[in-house]
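The values are calculated or read from the model by the stated rules, or taken from the named source; none is laboratory data. All of these numbers come straight from a predicted model, not from anything done at the bench. Quick reminder, even Gly has a Cβ in these numbers, built from the backbone with ideal geometry, and neighbours come from all protein chains shown. The area values use the complete protein model at the heavy-atom level, side chains included, leaving out ligands, DNA and RNA. Shrake-Rupley method; radii C 1.70, N 1.55, O 1.52, S 1.80 Å.
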Amino acid sequence: MWGPDPDEATDETTRTDTLSVPEPATASHQHYRRSLGTISLTAVGLGSIIGSGWLFGAERAARLAGPASIVAWVIGAAVALTIALTYSELGSMFPKAGGMVRYGQYSHGSLAGYLAAWANWIAIVSVIPGEATASVQYMSSWKFGWAKDLYDGQELTVSGVALASVLLVGYFALNWFAITLFAKTNTAITVFKVVVPTLTAGALLLAHFDTAHFTDHGGFAPNGWSAVFTAVAVSGIVWAFNGFQSPLNLAGEARNPGKSLPKAVIGSILIALVIYVALQVAFLGAVPAADLANGWGGLGYTSPLADLSIAWGLNWLALLLYADAFVSPSGTGMIYAATTSRMIHGVQENGHLPSVFGRVDAKTGIPRPALLLNLLIAFLFLAVFRGWGSLAEIVSVATVISYITGPVAVMALRRLAPELPRPVRLRAMPVIAPVAMVFGSLVLYWARWPLTGKVILLMAAGLPIWAWYELRKPFAELKPHLKAGAWMVAYLFVMAAVSWAGSTDFGGQGYLPEGWDLLVVAAIGLAFYYWGVASAWANPSLAAVKDELAAEAGAETGTEGAALPRQAGEASRV
C-alpha cells in the first residue's frame, strides 16, 4: 500500500554546508516542458523495454538455458520490478531531468554520486548504438547481395557500421526539435512495437508448437540452473527491462510525477513481461527439430524470429518483422537519445561536466549540447562494439552496477530528509530495498568472470573525470565525500574478487563451492547495503535540492521561501 508513514520522525538531520556545490540550474530547468502524462510516460517505459531485446533475447536466452529461459525472463522482471520500486519513490521526490544520475549525489555526495551516474550513463548511452546494430543485423537477412554484406556473422561490416551511423543520426534528429514531437512520435511507435511482438508470438504458436522441445535435448534446464541465472544477466534480459529507467529520467517533463511515474514504471515492466514470456514460449516450440541436432547451444540464427517465420511459411510475418526490426530498435534508440541527454544535464548539475552541457534550449526545451555529446559517444561505441551480443553484455553488467545506488539512496534519504514530500511511498520499503540490493548483487555475479571484471574496470575508467573536478578542492572539504563513497568503491572491488574466486559455473576459479557462492554474494550485498545506508550524509547537494524544492513549493503557493511539507497530501496509492 502506498501512503505516508505517520510514525516516522520529523526531525531534520543537521546539514553540512562545508563544501561548495554547483549553483542550482533552476533557470535551465524551467525551460523543460511538463507535457508528459501517464500514457506518454508508460509508452516511454514500454518503448524502451521493447526494443531490440525481443528480436534477439529469446534465441540468446534459449541458447544458454534451453526451455528454462522462460524462468529467466520471470526472474529478470522480478529483479527489475524490485529495484524499480526504490527508484519510483526517488523519482517522485525529485522530479528532475536525468533523475537516475542524481540520487546517489543527494544521498552520498560526489564520489558515490559520480560512480552511480557514470555507470548509469554508460549503460544507457551504449544501448543507442546497440539498437542501430540490431536493425542492421536483421536487415542482413534480406535477399539482396548488398544486404548480406552488412553483417559477417559476428559483427557489422564497414557498410553495416555506415548504415547504423545513419540510423544514429536519425535517432538524435528526432530529439532535436521538441519534446512534444518526441512524445507524439514515440506513442505511435510504441503501439506498433506492442502489436507486432504480440502478433509474432500468436502466429508462431499457431504455425508450429513442438511440446517435446521442453523435455528433450537435455530436459527443461539442459545446462543447469546456473545457466538460467547467467541468461538473466547477459542474454539481453537485463538489457530489455532496463527501460524502466526512461520515465524517471524524463521526470522533469511529467505533468503529475507523483501519480504518473509509479504507474508508468510498474505498468511498463508488467506488460513487457507478458509479451516476452509469450515470445519465449513461442520461440521454444517453433524451432525446427533439425536445428536442435547439437542442442540448444547449437542455435545460430542471424534474424531469429524472422528465420523461424520463413521456416514455417509465414512470409508475411517475416516481412513484418523485417520492418519492425527498424521500428522497435529505432523507437528505443530515439527514447534513449532523449533520456541520455537529460542524464548528461544531471551530471553537469552535479558539477562533473562543463556548463555548456547544462544548457536547455528555451524554445524547444531540449538540452541540445548534451544531445551532441551523446551522439559522439554513440559513434564511439558503434566503432568498438559492432555486434548486438557484445553490446548487450556490456550494457547489462553496467546496468546492474548502476542499480545498486537506488536501494541504498532511498533508505538513506528517509533518514536524512524525512520532511521531504514523497508522493510515492511504500511502507514495505525497509524490506524491499535490501532485497533489491541482494538481487542486483546476484545478477552482477551471474554475469560470469571475466565479463564482470571488464565492466568494473570500465567503471574505474571514468574516475579521472571525477578527479579533475574534485581533487583540486581542499582535502578537508573532500574528505566527507570520500568517506561516504568508500562503500561503493569497496563494493566494486569485492564483487570483482568474488566473481574471480567464485564457482566455475560462473566463470570463477572454483574457490567458492556451488550454492555457497550465492549465499556469499547475498551476504555481501546485505553488508554493503547497510554500510551504504549508514555512510550517507547531509551533503551540500542535498541541501541545494531542498532549497530548490522549497522555492518551487513557494512559487506554487505564492509564498516566498515556503517550508516543505512533511509529506505530500496526495500520496500516490498503487
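Return the pair list, or none, for Cβ contacts closer than 6 Å from residues in region 117-136 that are aromatic (Phe, Trp, Tyr) to residues that are in a helix (DSSP H, G or I) and open to solvent by less than 10 Å² (accessible area, probe 1.4 Å), at least 6 apart or on different chains.
Close Cβ pairs satisfying both conditions: TRP121/MET343.
Looking at THR86, THR82, which is the one that is polar (S, T, N, Q), open to solvent by 10 Å² or more (accessible area, probe 1.4 Å) and over 18 Å from ILE394 (Cβ atoms)? It would help to see each step written out before you state the result.
Numbers: THR86 fails: open to solvent by 10 Å² or more (accessible area, probe 1.4 Å).
None of the others qualify; the one that does is THR82.
Restricting to region 445-455, count the residues that are in a helix (DSSP H, G or I), buried (at least 20 other Cβ atoms within 10 Å of the Cβ) and among the basic types (Lys, Arg).
Of the residues in region 445-455, 0 are in a helix (DSSP H, G or I), buried (at least 20 other Cβ atoms within 10 Å of the Cβ) and among the basic types (Lys, Arg).
If ILE401 satisfies all but one of (1) over 28 Å from PRO288 (Cβ atoms); (2) open to solvent by 20 Å² or more (accessible area, probe 1.4 Å); (3) in a helix (DSSP H, G or I), what's the number of the condition it fails?
Every condition holds for ILE401 apart from (2).
Do you know which residues across region 346-371 are out of contact with any Gly (no Cβ under 8 Å at 6 or more places or on another chain), in contact (Cβ under 8 Å) with a residue 40 or more places away in the chain and part of a helix (DSSP H, G or I)?
Once the filter is applied, which keeps residues that are out of contact with any Gly (no Cβ under 8 Å at 6 or more places or on another chain), in contact (Cβ under 8 Å) with a residue 40 or more places away in the chain and part of a helix (DSSP H, G or I), region 346-371 yields GLY358, ARG368, LEU371.
If ILE179 satisfies every condition in (1) at pLDDT 90 or above; (2) more than 30 Å from GLY510 (Cβ to Cβ); (3) touching an Asp or Glu at 6+ places or on another chain (Cβ under 8 Å); (4) not acidic (Asp, Glu) but one, which is the exception?
(1)
Being at pLDDT 90 or above and within 16 Å of ASN242 (Cα to Cα) is true for just one of ALA43, ALA117, ALA78. Which residue is that? Lay out the reasoning, then the answer.
On the way: ALA43 fails: at pLDDT 90 or above; ALA117 fails: at pLDDT 90 or above.
Only one candidate qualifies: ALA78.
Just checking, which of LEU512, LEU442, LEU482, LEU458 is more than 16 Å from LEU115 (Cα to Cα), open to solvent by less than 70 Å² (accessible area, probe 1.4 Å) and part of a helix (DSSP H, G or I)? Walk me through it before giving the result.
Numbers: LEU512 fails: part of a helix (DSSP H, G or I); LEU482 fails: more than 16 Å from LEU115 (Cα to Cα); LEU458 fails: more than 16 Å from LEU115 (Cα to Cα).
That would be LEU442, the only listed residue that is more than 16 Å from LEU115 (Cα to Cα), open to solvent by less than 70 Å² (accessible area, probe 1.4 Å) and part of a helix (DSSP H, G or I).
In region 259-280, which residue that is open to solvent by 10 Å² or more (accessible area, probe 1.4 Å) and farther than 21 Å from PRO197 by Cβ is modelled with the lowest pLDDT? Give the steps one after another, and end with the answer.
Of all residues in region 259-280, those open to solvent by 10 Å² or more (accessible area, probe 1.4 Å) come to 259, 263, 266-267, 270-271, 273-275, 277-278.
Keeping just the survivors that are farther than 21 Å from PRO197 by Cβ gives 259, 263.
Values: LYS259: 73, LYS263: 84.
Out of the qualifying residues, it is LYS259.
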